[in-house]
Amino acid sequence: MDRILVTGGAGFIGSNFVHHLLAQTAARVTVLDKLTYAASREALAGLPADRVSLVVGDVADPGVVEPLVAEHDAVVHFAAESHNDNSLADPSPFIHTNLIGTFTLLEAVRKAGTRLHHVSTDEVYGDLELDDPERFTESTAYNPSSPYSASKAGSDHLVRAWVRSFGVRATISNCSNNYGPWQHVEKFIPRQITNVLAGGRPKVYGAGLNVRDWIHAEDHSAAVWTILTRGRVGETYLVGADGERNNLEVVRTILRLLGRPEDDFDLVGDRAGHDLRYAIDSTKLRAELGWAPSYADFEAGLAATVEWYAAHEDWWAPHKADVERAYAAKGQ
Ligand code: NAD
Ligand code: TDX
């Protein structure tokens, strides 16, 4: 795979994957990104121009997508609207990018015969009870809760149909919650770190008992590359690092790392339809393809992330006030 097209490669995880490709492979990379509010040119700054290029365009535009796909050996599809809260305020861009965008890409890979890896989320499975001994596996039934997760579930179904009906060479990964550098301040961990750094208090939805299964973005990138190169076409692989924590535990750890009292946060209004718990069983990926996370210690990974945000205020500060104004308007 000499030439790889990465959709959404200017976003949080897509840009991490581009860095992973540059460091771990000899591939030349084209990023296709619409540069929405969630994108960051800075995350791609300094990469060698002879190996990485950026095409600014919409993944739902066949006039842009079809010629690009035809000149690459593989496509890795990260482009999406990605924030649940935004999908509750206005679902329409989620339908456009996550459904029409994936459909457009599938038609292009069908015509060109290009290998595709589709990046998806564990949220397609809905949620688990706090005391459920089961975790999500590749055979868990789809049961999405929000417009975001429903649009991702629909995109997974499209990929599966194009594999079965048209012989498209695609794989799918469904990963748990990512953390690490370059994540937008609208998301939980960056929002709380930057609230504290900006002199405010973390804002925790509901009672804070919801559980997420945290994985470092670098481990997600390594998993995607493993599946792209060694995964079986037509298969789905769940990606997770056994990182279950409830939101109170995460916020208290952030406060401790920043030298503040562990009860120095606010409980705010809950998210509509808020999924209770996500938990991934990644046995298939580990046993079949030999992947394992390198950030085994969540607290250590979180500490490095806190340091990164403290050192990159120039990057996040310009977006902070607008994001907080929008949350405040909803009482969150
Ligand atoms: P992000 O919001 O940080 O980045 C998304 C990127 O896609 C941005 O650069 C944006 O400009 C681009 N984009 C949006 N609409 C586009 C369009 N129409 N055409 C071209 N580009 C467009 O998202 P992220 O957190 O990096 O997530 C990347 C992918 O990983 C998504 O598919 C998401 O569903 C999936 N995922 C995310 C997580 C997580 O915890 N963040 C977990 C599992 C799966
Ligand atoms: O201010 C907040 N306070 C709070 O308590 C925010 C922004 C969130 N939360 C809670 C909601 C969730 O229980 O924290 C948890 C994590 O929230 P998000 O960062 O919004 O992530 P989540 O909704 O779990 O979805 C994430 O993981 C799966 C990504 O945003 C998705 O793109 C991915 O598919």
Looking at the chain as a GNM with Cα springs under 10 Å, which of ALA89, ALA217, ALA310 has the largest mean-square fluctuation? ALA89
From zero outward in steps of 5 Å, how is the percent of C-alpha pairs of the range 164-204 spread across the bins? 5, 18, 20, 13, 9, 7, 7, 9, 5, 4, 3
Accessible area per residue of the range 191-306 at 1.4 Å probe, in Å²? 37 Å²
Determine which lysines satisfy two conditions relative to LYS111: a Cα distance under 25 Å, and not lying fewer than 8 residues away in the same chain. LYS34, LYS152
Can you send over the carbon and sulfur percentage of the accessible area for the chain, probe radius 1.4 Å, protein chains only? 51 percent
In the range 63-113, GluC sites (Glu not before Pro) in a DSSP loop with at most 14 other beta-carbon atoms within 10 Å: GLU71
Could you give the dipole magnitude of the range 1-146 about its Cα centre, charging the beta-carbon of Lys and Arg +1 and that of Asp and Glu -1, in debye to the nearest 20? 820 debye
Is there a quick way to get the dipole size of the chain? I mean about its Cα centre, with the Cβ of Lys and Arg at +1 and of Asp and Glu at -1; what is the value in debye to the nearest 20? 720 debye
Please work out how much length the chain gains when fully extended from ALA141 to ASP73, using 0.36 nm per residue of separation minus the C-alpha to C-alpha distance, in nm with one decimal. 21.3 nm
Restricting to Cα atoms and excluding each atom paired with itself, what does the Kirkwood estimate give for the range 115-234 in Å? 16.4 Å
Over the Cα atoms of the range 75-180, what Rg and Dmax result, in angstrom? 14.2, 47
Within a Gaussian network of the chain (alpha carbon springs, distance under 10 Å), most fluctuating of VAL196, VAL119, VAL18: VAL196
Considering only the chain, what is the antiparallel percent among its DSSP beta bridges, to the nearest 5? 10 percent
Could you tell me the calculated FRET efficiency between ARG260 and ALA207, based on Cβ-Cβ distance and R0 = 22 angstrom, to the nearest 0.05? 0.60
Under the rule of at least 5 residues apart or a separate chain, name every residue whose amide H is placed under 5 Å from the amide H of TYR237. ILE172, SER173, ASN174
Spin-label pair TYR37/ASP297, simplified geometry with 7 Å Cα→Cβ offset, distance in nm: 3.7 nm
With Cα atoms, 0 to 90° folded angle of helix 188-197 axis to the chain main axis: 50 degrees
Within the chain, what's the longest stretch lacking chymotrypsin sites (Phe, Trp or Tyr not before Pro) that sit in DSSP loops with no more than 15 other Cβ atoms inside 10 Å? 143-332
Please work out how much accessible surface HIS274 shows to a 1.4 Å probe, ignoring ligands, DNA and RNA, in Å² rounded to 10. 30 Å²
Extend 7 Å from the Cα of PHE166 along its Cα-to-C-beta direction; within the range 221-261, residues with backbone N under 20 Å of that point are 233-236
For the pair SER53 and TRP308, what calculated FRET efficiency results from E = 1/(1 + (r/R0)^6), where r is the Cβ-Cβ distance and R0 = 25 Å, to the nearest 0.05? 0.45
Rh_Kirkwood(the chain) over Cα pairs, Å, one decimal, evaluates to 20.1 Å
Alpha-carbon centroid distance for the pair the range 119-140 / the range 1-70, whole angstrom: 30 Å
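The values are calculated or read from the model by the stated rules, or taken from the named source; none is laboratory data. Source: prediction; values computed, not measured. Heads up, the Cβs are rebuilt from the backbone with ideal geometry, glycines too, and the neighbour counts pull from every protein chain shown. Keep in mind that these areas ignore ligands, DNA and RNA; they rest on the heavy atoms of the full protein, side chains included. Shrake-Rupley method; radii C 1.70, N 1.55, O 1.52, S 1.80 Å.
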